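Here the structure is laid out as structure tokens; the discussion comes afterwards.
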Amino acid sequence: MSDARTEMLSRIRTALGTSTPEPAPVPREYRSAGEHAAGSAEVLEVLVDRLVDYKAHVHRVTAADLPELLAELLAPGPGADPGRSAEGQVVGSSSDRSSDILPAGREAEVARARSSVVVPPGIEPAWLAGLADVEVLTDSREAPLSAVELDGTDAVVTAARVAVAETGTIVLDGEPDQGRRAISLVPDVHVCVVRTDQVVQTVPEAVRLLDADPGRPLTWISGPSATSDIELDRVEGVHGPRTLHVALVS
Amino acid sequence: MPDWEALRDAGSAIKADVLARLPELLEELERNVSARGGVVHWARDAAEANRIVADLVRAKETDEVVKVKSMATQEIGLNEALAEEGIAAVETDLAELIVQLADDMPSHILVPAIHRNRTEIRDIFLERMGDAPPDLTDVPRELAMAARAHLRRKFLSAKVAISGANFAVADTGTLAVVESEGNGRMCLTLPETLITVMGIEKLVPTYRDLEVFLQLLPRSSTGERMNPYTSMWTGVTPGDGPQEFHLVLLDNGRTKVLADEAGRSALHCIRCSACLNVCPVYERVGGHTYGSVYPGPIGAILTPQLTGEKSDLPYASTLCGACYEVCPVKIDIPSILVELRAREVELGGASPDTADRVWKAAMKAASFAMADGARFRRAARLPRVLRAISRHGVIRRLPFPGSLWTRSRDLPEPPKQTFHDWWAGREDER
């Protein structure tokens, strides 16, 4: 029996045989960039529209107001209103999806006096300066929390690598301000901080940027998780975080 | 989407280029995956792939693995093969979980449990899931939350995950999985070991090519601007995600398809399911009728080519051309169907008369079906596809792009008899 690798490659070469299609240049007439600059007002407006459409909560704040917003979003108990930003500038859906149905055994957590948040090692410390009654756990590649520990954590705060306005997508690339893939997956609330200058208009612009470090593990996020598997009825929040807050910082 | 046609042109050309340079691109992929700490395996057929995966799982001393929905592993019957070795493969996609708990067959590439309605799903969960809340109702959101709680326990403890792949980038060794629910992220991130089974045609040459397919795939499959989650990984990232990664490259008939100059473009397929959603025959007969893992128009050309066996699938078409029009990589399915039909006649020893008869009958069948769906309802067997979502005999919503159709009109409930059954019955009457 010949080695599978050798035989498969030989089968392919035989299959292509004399009728190998001519390698032709790939036509790339599609848009390689949008008409608006990264971070421009037009691009931000499109991003917010898409995120809201995907049932993410969007908060537009200045860098100075970010700590206050995070304090409000991460505050323990049902008192926090995730739909209102520190500026009182409400952009986005303020549905209470996250609290209507909880998995068995988690109801008690809502009323707790203290909540917990996991953060990556490279997060900007000033962002967390306003937190009160919140246990902050730092997770890193060197000192990772277990999946069970993450499951017992209420929320996660990360930065982002790039955002795509047209598709309402945020991309995380695992660098120290974004952390391991598991931390933005297991906790039920993800607060993602995106700088306005990180927002590009189109997918090709984002891919070009990411192509600089193609080995990094990527997570592309476009709204909370969703399924239409039951009678094509869309249900948001299946396995990933059921609530996604995007803090858009100018 | 102002540049849709330009994206299709690029997607089609990239896939043609991949096939033309397949040996060197596969070797390049292998080099790059290995350089980043991954292990590449080659599997000539289903049995070999299943053997490789089972051995890898057993080496981890576990008897349960979590799985992301994957057409390739369904094609090779991996779950059944693992079961024979005493390994339980837990499907984690909601629809696949429903199908698996019900001991059922998927009926659609994208929404495999579309033939089950909400009440049936609740009953399946209550009877088979083991830990479903006893007061579970049939509200889709509650059903989804029951699945979330059930599967989370599995995710948190799983040692090994098995996935397919949507794309593999030759020049970087990067793999990509496109999904909606987050079960993919769970499988690709939490277990210690990840095994990915991928058809050899899933390659793209460069990282940049992802910009084309990440725009084509979500829109063609669910009509979304972008699917909720896409994961990409390159070999092993120390300290982040699985620390052991195996990539199984699968032939299983693909080189046979490649050898066929007329039919090889079937290997361009990115499994979006757009052709199913627009196909008048699929709408009528449903996924189970095709009797193959790949249903619908793409299944009608891919299945006979992959298996190399005689098949009547190429006749399950009216050649209306809708599949070609929506295909994001421009596979000319109608032309390939005609070619395969001609070949059936030549190779099968059938006379041109037979071909003509079969052809006319097929056309008649289609017009018959579309003229009066009620005739089919008198038939005995139940394919049940799409019927689950019908209300009072009509379907008000279809997935994209069928949604464009049902936005303004209702579709009659599909018939209860399959194309095969009807066909067989018709032949008997003669």
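The values are calculated or read from the model by the stated rules, or taken from the named source; none is laboratory data. Just so it is clear, the structure is predicted and the values come from calculations on it, not from any experiment. All Cβ positions, even for glycine, are placed from backbone atoms using ideal geometry, and neighbour counts span all protein chains on display. Side chains are part of the model used for accessible areas, which takes the heavy atoms of the whole protein and leaves out ligands, DNA and RNA. Shrake-Rupley method; radii C 1.70, N 1.55, O 1.52, S 1.80 Å.
In segment B:206-215, which residue that is closer than 17 Å to B:Ala16 by Cβ and within 9 Å of chain A (Cβ to nearest Cβ) is most open to solvent (accessible area, probe 1.4 Å)? Only one residue fits best here, namely B:Arg208.
Only one residue in A:Thr202, A:Thr153 is touching a residue at least 60 places away in the same chain (Cβ under 8 Å) and of a type in the set (Val, Ile, Thr), so which one is that?
The match here is A:Thr202.
Return the residues of segment B:216-245 that are within 7 Å of another protein chain (Cβ to nearest Cβ) and at positive phi; say none if nothing qualifies. Correct list: B:Gly239, B:Gly241. One residue stands out in segment A:147-163 among those that are within 19 Å of A:Pro217 (Cβ to Cβ) and open to solvent by 10 Å² or more (accessible area, probe 1.4 Å): the one that is modelled with the highest pLDDT, namely A:Arg161. Taking the numbered list (1) open to solvent by less than 10 Å² (accessible area, probe 1.4 Å); (2) closer than 22 Å to A:Ala165 by Cβ in turn, B:Gly199 passes all entries but (2). Annotation note: of B:Asp93, B:Asp55, B:Asp104, B:Asp138, the sole residue that is open to solvent by 50 Å² or more (accessible area, probe 1.4 Å) and of a type outside the set (A, V, I, L, M) is B:Asp55.
With the structure loaded, tell me whether B:Ser265 is more than 7 Å from chain A (Cβ to nearest Cβ), open to solvent by 10 Å² or more (accessible area, probe 1.4 Å), assigned to a helix (DSSP H, G or I) and polar (S, T, N, Q) or whether it fails that test.
yes
Every residue, every condition in (1) closer than 24 Å to B:Lys67 by Cβ; (2) at pLDDT below 95; (3) basic (Lys, Arg), yes or no:
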| position | (1), (2), (3) |
| --- | --- |
| B:Leu190 | yes, no, no |
| B:Thr206 | no, no, no |
| B:Val212 | no, no, no |
| B:Thr230 | yes, no, no |
| B:Thr234 | yes, no, no |
| B:Gly241 | yes, no, no |
| B:Lys256 | no, yes, yes |
| B:Ala266 | no, yes, no |
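Selection of segment A:120-146 for residues being open to solvent by less than 40 Å² (accessible area, probe 1.4 Å), out of contact with any Asp or Glu (no Cβ under 9 Å at 6 or more places or on another chain), under 19 Å from A:Thr62 (Cβ atoms) and part of a loop (DSSP other than H, G, I, E, B) yields only A:Leu131. Checked against (1) part of a helix (DSSP H, G or I); (2) at the interface with chain A (Cβ under 10 Å from one of its Cβ atoms), B:Thr172 passes all but a single condition, namely (1). With respect to the conditions (1) modelled with pLDDT under 95; (2) polar (S, T, N, Q); (3) out of contact with any helix residue (DSSP H, G or I) (no Cβ under 7 Å at 6 or more places or on another chain), B:Asn32 lacks only one, and its number is (1). The set of residues in segment B:153-162 being more than 7 Å from every other protein chain (Cβ to nearest Cβ) and within 14 Å of B:Asn183 (Cβ to Cβ) consists of B:Arg153, B:Lys154, B:Phe155, B:Ala158, B:Ala161, B:Ile162.
Would you confirm whether any residue within segment B:181-190 is assigned to a helix (DSSP H, G or I), within 10 Å of another protein chain (Cβ to nearest Cβ), touching a Lys or Arg at 6+ places or on another chain (Cβ under 6 Å) and closer than 25 Å to A:Ile221 by Cα? Yes, segment B:181-190 contains a residue that is assigned to a helix (DSSP H, G or I), within 10 Å of another protein chain (Cβ to nearest Cβ), touching a Lys or Arg at 6+ places or on another chain (Cβ under 6 Å) and closer than 25 Å to A:Ile221 by Cα. Taking the conditions (1) at pLDDT below 85; (2) in a helix (DSSP H, G or I); (3) open to solvent by less than 30 Å² (accessible area, probe 1.4 Å); (4) more than 25 Å from B:Gln74 (Cβ to Cβ) in turn, B:Pro304 satisfies each one other than (4).
Scanning segment A:212-250 for residues that are in a strand (DSSP E or B) and among the charged types (D, E, K, R) yields a single hit, A:Glu236. The condition of being buried (at least 19 other Cβ atoms within 10 Å of the Cβ) and under 27 Å from B:His246 (Cβ atoms) holds for only one of B:Phe125, B:Phe155, that being B:Phe155. Pull up segment A:173-193, narrow it to residues that are part of a loop (DSSP other than H, G, I, E, B) and of a type in the set (Gly, Ala, Ser), then point me to the one that is nearest to A:Ile123 (Cα to Cα). Only one residue fits best here, namely A:Gly179. What residue, of A:Ile221, A:Ile230, is facing chain B (nearest Cβ under 8 Å), out of contact with any Gly (no Cβ under 7 Å at 6 or more places or on another chain) and without any contact (Cβ under 8 Å) to a residue 24 or more places away in the chain? Among A:Ile221, A:Ile230, only A:Ile230 is facing chain B (nearest Cβ under 8 Å), out of contact with any Gly (no Cβ under 7 Å at 6 or more places or on another chain) and without any contact (Cβ under 8 Å) to a residue 24 or more places away in the chain.
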